[in-house]
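One structure below.
All of the numbers you see were taken from the coordinates with simple rules; none came from a lab. As the structure is a computational prediction, the values presented were derived from the model and not from experiment. Every residue, glycine as well, gets a Cβ built from its backbone with ideal geometry; the counts of neighbours run over all protein chains shown.
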Amino acid sequence: MEARLNVFANTTAMKFMKYINSSGKVVSDSTLPAATQELVKIRASQINGCGFCLDMHTKDAAHAGETSLRLNLVAAWREAKVFTEAERAALELAEAGTRIADAGGVGDEVWANAAKHYDEEQLAALVALIALINAYNRLNVLVQQPAGDYQPGQWA
């Protein structure tokens, strides 16, 4: 499978990626736990069917020490006992933020649950992360970016 558009060789796409990558650095440098960040990226990417992002973020999470059990259960986080209450709140917000059109927005209860576990700076990082991973997912799905070749830390 080849991508419809080579975003790594296209001037406009590379300029765009430069800016969204910079915004990603703001989130990764925040106090939002790194493990939570990866779980959120994985869950949104599962919902959006983004193989490229799933390849990257599952490998990066495993490389950082995340267990295969937790990685395998992200899609079924509601039934899994392996996530903290804070992680579950972040995953719930990620789902609501990814499925905005389906649910008619993000409910107050979902937001209040996340706010119980994260301070305002972390909530800002979480919101930015959800918006960012959805942008990455949409770009990769639109161009049918192939998955499977990513190496952990490749673009660190």
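Sparsely packed loop sites in segment 1-69 (the GluC sites (Glu not before Pro) outside DSSP H, G, I, E and B with at most 16 other Cβ atoms within 10 Å) comprise GLU2. In the structure shown, the pairs LYS81/LYS116; LYS18/LYS41; LYS59/LYS116 are assessed against 21 Å; a Cα-Cα span above that value is assigned to LYS59/LYS116.
Couplings 3J(HN,Hα) of segment 120-128, computed from phi: 4, 5, 5, 4, 4, 5, 5, 4, 4 Hz, in residue order, whole Hz [Karplus 6.51 cos²θ - 1.76 cosθ + 1.60, θ = phi - 60°; x for Gly and Pro]. In sequence order, segment 21-35 has phi-based couplings of 5, 4, 5, x, 5, 4, 5, 5, 7, 6, 8, 5, x, 4, 4 Hz under the Karplus curve 6.51 cos²θ - 1.76 cosθ + 1.60, θ = phi - 60°, and Gly or Pro positions carry x.
How far is helix 85-98 tilted, in degrees, relative to the longest principal axis of the Cα atoms in the chain, given as a value from 0 to 90 rounded to the nearest 10? Result, in degrees: 50.
Taking packing as the residue-averaged number of other Cβ atoms within 10 angstrom, the listed peptides 129-137, 4-12, 25-33 run from highest to lowest as 129-137, 25-33, 4-12. Candidates VAL40, ASN21, TRP77 compared by Cα position along the dipole of segment 1-87: farthest toward the positive end lies ASN21, with charges placed on Cβ.
Ordering HIS117, HIS57 by the number of other Cβ atoms within 10 Å of each residue's own Cβ, fewest first, gives HIS117, HIS57. Based on Cα contacts under 8 Å between residues 6+ apart, the chain shows a relative contact order of 38 percent.
The protection proxy used here, the mean number of other Cβ atoms lying within 10 Å of each residue, ranks peptides 100-107, 143-150 as follows, highest first: 143-150, 100-107.
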